[in-house]
Each structure stands twice: as C-alpha cells, then as structure tokens.
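Since every read-out is calculated from the coordinates, none of them should be taken as a lab result. On a predicted model such as this, the values are computed, not experimentally measured, just so you know. Ideal geometry is used to build each Cβ from the backbone, glycine not excepted, and the neighbour counts take in all protein chains shown.
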C-alpha cells in the first residue's frame, strides 16, 4: 500500500462543550474511495468539515490533535485556508448550484484567482463537465441558469465545479441522499472513474452505497471511530459487535 | 352565542374584505383628489419654468431640480453607509450584544420624528459645520433619516440569501469579501434596491427635515451650498400661506406621479434583471 496522504492523529473536535469527534486515528491512502458510514450525529459530516476547515466558520468550534494532509498539519496558523479549500473539493448533501449560469458555476472558483482567459475557461468547463458525466446533457445550454437543472444534474454540476479547481481530494457528504436511483447510479459511476485521479472520501447514510463503491470503509459512532477496514472485510467479518449491529440495521 | 363554523367563516371574510377595501379606498381617494385638482395645472410650461411672484405664477422647475439634487445626495451618502452596516452586521459579526445594540439603535433612529432630524441637521450642518441652508445640509440630513430604512431592508435581504451559498463559495476557496461581492450581494440586490426605492420616496416627500436644513429659497440651485426649495416644501408653503391652491395641487400631482413612476420603473428593472440572472 502507498504512503498515507491524510493522517489523522489523536484528533478530537468540539462544538462548544460538546465533543463531536473523539480521539480519531487513521490514515487515508491515495486514489482510494474511503467510505464513512454511521448513524446520524455520529460526526461523519463534522469530520469532512474539519478536513477543509469549513468547521472554522461555526462559532465555538475547537480541535485537539492533528490532521496531516500531504504531510502538512492543516490546523497550524500559517496554513493558507483558501488554498487548502481549493485543494480539497467538497460536495454537500443538497446540491447547491449558485444562482448563476451553468458556465459561471463551473468557473466560479477559477475566476476567484483572477483567471479570465476565455479559451482557457471554455476548456476547463468542457473538461470538468465531461469528467462529471454531465457534458452531453448541458453542452447546448451552458448559459442558462444552473437552477433549472434536475436534482441529479445539479449534483453532478457541483462535482464538475470542484473538478474545475483541479483538487487532489474530493469530499462528498451524502451526495445522493436526495436523488433517485438512476441519478445515484450516474454519480457512483463518475466516482469510480474519478478515483484514478483523486482521493475520495464519501460520507454516506446508505451502507449499501459504501459496499458498492468504497475501497475501504470506516464506521463512526457517536464521534468515535469504531472500525476501519477493507470494505469486503468490514461488511462480512466486522471486528466489532457494534459495527455488526449497525450493518444489520439493529440501530441507527 | 355560538356561531356555526360556516357562518363564522362568512362573517370573518366579510370583515376582512371590508378592511381591505377601506385601505384601498383611502389610497384611491387621495390619488383622485390630488390628480383631479392637480392634473389640470400640469403642462410642459409648469414643469420647465421657474416659479415667479412667490409661486403664484410660473412653474416649479427649480423645485424639481432641488428635489432631485437633495435626494441624490441623500442616497449617495446613505446607500454605502447603510449597505456597509448591513454587511457588517450580517457577515462579519456573530449575533450578540453588540449587533443587538446596533440594530436597536437603527430602529430607534427610524422612529425619530423627521422634524427632530431637521433640528439636528440645522444644528450640526447648518450652524456648526457652517454649510448654511443648503442642498448639502439638506441632503446629509435626509441621508441620516433614511439610513435605518436602508440598513434594515438590506440586512433582511442579505439574511434571506441561503447560508448554503456562502458555504459553497467558501468551500470553493473564496475569501469572505469575494463571497460577499460575488454571491451574497447579487442575490440580495432586489431587496436592497427595494430599500433604496423606499428611501427615494421618503426623501422626495420629506418636508419638515428639509425646511430646516435646505431652506426655502425659490432660486435655481447653483451649487451644493445654495439654499433651495424642494417640491414638498414648495407645496407646504403654497398651501399653508394660501399663496396659490391650484399651483399647490399641481406640485402635489407632480410629486405623486414622480413617486409612482419611480416605483413602476424600478420594479420593471428588477424583474428584468432577476429574469436575466436566473
């Protein structure tokens, strides 16, 4: 196995006095899809929000321990948070197209750097939409509002918007929770292709989804990492009774 | 006595219908009186000639110009101050004692009678800063008067922008300021513009605050420091001193029609702008 690209070490997170993540220790390897499963309020989303430091925006958010990404501790004061977030794309549970055209949504992050070369932007838009599997559906209406797309298309647009920034990591927070099975399948197909170029962390409420596409799966429960293993192992021979109970639908 | 729910429903409906009609009728009545008496006075000459003989003769051109200048200055000052305050309150602070105090202050400011603003402007701008009775003093006074309206409407507009937009924008690597200028303000624009229109309406119609600060000279204003008479002050003087009721009605009609046109035009522009965006 390759060198770990994300190393979580004795990491805890608090919202005010409430401990939302307790002493996590695990690694993420390049070009894998790491699934994170667990019941509601188990800290899955908070963990993602810590990785790109969106958790900073919540008042009272506080951490202990370290997360190293590419060998760099992301919580050190000298870290450029804006650069970090560009490197780590995030897809949210509800697709959130910004209220502008499809084209402008894709180039939003690129334009922030002051990059305005028309030809370059056009290439980025086509590339990103191709990779997200949306190009053929929208190529004739790039200038129309992104809000007019269907839910599944909007979510693929959100993925394309991240790819436009050429990130190294993609975080997905229950990306298919509001989508129909066909849209879900399309997104899972894109993710399988994308892991060649990116390292992907997928938080999902749907354990079957993790079983389908995650290389390894982690089970979170009340802020603790109960177990992390190769997906087939975790699903067939879980080491912990709680994992087994969750997978069998006994709680959660 | 107990009523059957159906009967109760009918009676309630009748009452609501009655109340709504009264509200609409009052508006129509005012419009009808002013337009009936005022419109016959209107002509190109009335709009383009300066008042003569204390307003008994001639038109109202200089008062139209003064009104436009005053309103323009008021909004030029109040818009950046108000929108800036709203952005600070919503985007840069955590809801707490400080924001509550600022918001309470803005609400109090909104409740102060306009004549008090006039007195304040008279003391500060006219006397202390020695701007005299002038377009500048009047404009600045109006700016402070409409400031709370702009703050509160902008604040509501900014607050109604979905928080998810900000989260997405941050996650794509934008700074706070980029998020505000590229996502939040464009989405909040219709609401902010509505606040500005309300303020234009209030500025054009304001009399008490203006008479103390811009004065009532009937000359054509020639600089920021000329004393001048706005349309509403002109109307007040014509009517109160019995100079000329027909001219007073004519002025009132121009005021009412101007406000109507501004409202219609802005709603049209907003509609068009939003359609284009989405």
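Roughly how crowded by other chains is peptide A:82-90, in terms of the mean Cβ count from those chains within 10 Å of each of its Cβ atoms?
For peptide A:82-90, the averaged partner shielding equals 3.
So, R0 is 25 Å and r is the distance between the beta-carbons of residue B:223 and residue B:128; what FRET efficiency does that work out to, to 0.05? Spell out each step's value before the answer.
Working: r = 20 Å, r/R0 = 0.81.
The calculated FRET efficiency here is 0.80.
Would segment B:1-132 count as rounded, prolate or oblate if I go by the C-alpha gyration tensor, calling it rounded below 1.5 in a/c and otherwise prolate when a/b exceeds b/c, oblate otherwise?
Working: a/c = 2.85, a/b = 1.14, b/c = 2.50.
Oblate, because a/c is 1.5 or more while a/b does not exceed b/c.
Distance from the Cα centre of segment A:3-33 to that of segment B:99-113, in angstrom?
46 Å
Between residue B:107 and residue B:37, what's the calculated FRET efficiency when r is the beta-carbon distance and R0 is 30 Å? Round to 0.05. Mind showing how you got there, number by number?
On the way: r = 37 Å, r/R0 = 1.25.
Using R0 = 30 Å, I get an efficiency of 0.20.
Would you calculate the separation in nanometres between label points at residue B:45 and residue A:233, each defined as 7 Å from the Cα along the Cα-to-beta-carbon direction?
10.0 nm
For the protein assembly as shown, just say rounded, prolate or oblate: build the C-alpha gyration tensor, square-root its eigenvalues into a ≥ b ≥ c, call rounded for a/c under 1.5, and beyond that prolate if a/b exceeds b/c, oblate if not.
Values: a/c = 2.59, a/b = 2.38, b/c = 1.09.
In terms of gyration-tensor shape, prolate.
Among B:184, B:193, which comes first, second and so on when ranked by fewest other beta-carbon atoms within 10 Å? Let's see the in-between values first.
Details: B:184 22, B:193 18.
Ranking B:184, B:193 by Cβ neighbours within 10 Å, fewest first, gives B:193, B:184.
Give the order of A:31, B:234, A:13 when sorted by the count of other beta carbons within 10 angstrom, beginning with the fewest.
On the way: A:31 14, B:234 29, A:13 23.
Ranked by crowding around the Cβ, least crowded first: A:31, A:13, B:234.
Classify chain B from the C-alpha gyration tensor, please: rounded if a/c falls under 1.5, else prolate or oblate depending on whether a/b exceeds b/c. Each step should come with its number before you reach the end.
Values: a/c = 1.93, a/b = 1.24, b/c = 1.55.
Since a/c reaches 1.5 but b/c is at least a/b, the shape of chain B is classed as oblate.
Starting from the 7 Å offset along Cα-to-Cβ, what nm value, one decimal, do you get for the label separation of residue A:120 and residue B:4?
7.7 nm
If neighbour count is taken as other Cβ atoms inside 10 Å, put A:32, B:8 in order from fewest to most.
On the way: A:32 18, B:8 11.
Ordered from fewest to most neighbouring Cβ atoms within 10 Å, A:32, B:8 come out as B:8, A:32.
Please give, to one decimal in nm, the separation of the simple spin-label points placed at residue A:147 and residue A:130, each 7 Å out from Cα toward the Cβ.
About 3.2 nm, to one decimal.
In peptide B:163-170, what is the residue-averaged number of other protein chain Cβ atoms found within 10 Å of each Cβ? Write out the running numbers ahead of the final one.
Working: counts 2, 6, 4, 2, 6, 12, 5, 9.
Mean number of neighbouring Cβ atoms from other chains: 6.
Segment B:198-213 to segment A:100-168: how many Å between their Cα centroids?
Taking the Cα centre of segment A:100-168 as reference, the centre of segment B:198-213 is 48 Å away.
Order these peptides, A:132-138, B:210-216, by their mean beta-carbon neighbour count within 10 angstrom, highest first.
On the way: A:132-138: 18.6, B:210-216: 26.1.
Result, highest mean first: B:210-216, A:132-138.
Quickly rank B:199-208, B:248-257 as a protection proxy: mean count of other C-beta atoms within 10 Å, highest first.
Working: B:199-208: 20.8, B:248-257: 22.9.
Listed from highest to lowest mean packing, they are B:248-257, B:199-208.
Taking each residue of A:136-147 in turn, how many C-beta atoms of other protein chains fall within 10 Å of its C-beta, and what is the average?
Details: counts 0, 0, 0, 0, 0, 0, 0, 0, 1, 4, 1, 2.
Mean partner shielding for this stretch: 1.
Quick one: Cα centre-to-centre distance for segment B:172-192 and segment B:15-93, in angstrom?
Taking the Cα centre of segment B:15-93 as reference, the centre of segment B:172-192 is 31 Å away.
Which angle from 0 to 90°, rounded to the nearest 10, does the C-alpha axis of helix A:151-163 make with the longest principal axis of chain A?
Around 90 degrees separate the two axes.
Which peptide among A:238-245, A:18-25 comes first, and what is the full order, when sorted by highest mean count of other Cβ atoms within 10 Å? Display every interim value, and only then the final one.
Numbers: A:238-245: 16.0, A:18-25: 17.6.
Those peptides, ordered most packed to least, come out A:18-25, A:238-245.
Which angle between 0 and 90 degrees, to the nearest 10, do you get for helix A:118-131 versus the longest principal axis of chain A when only C-alpha atoms count?
Tilt relative to chain A: about 50 degrees.
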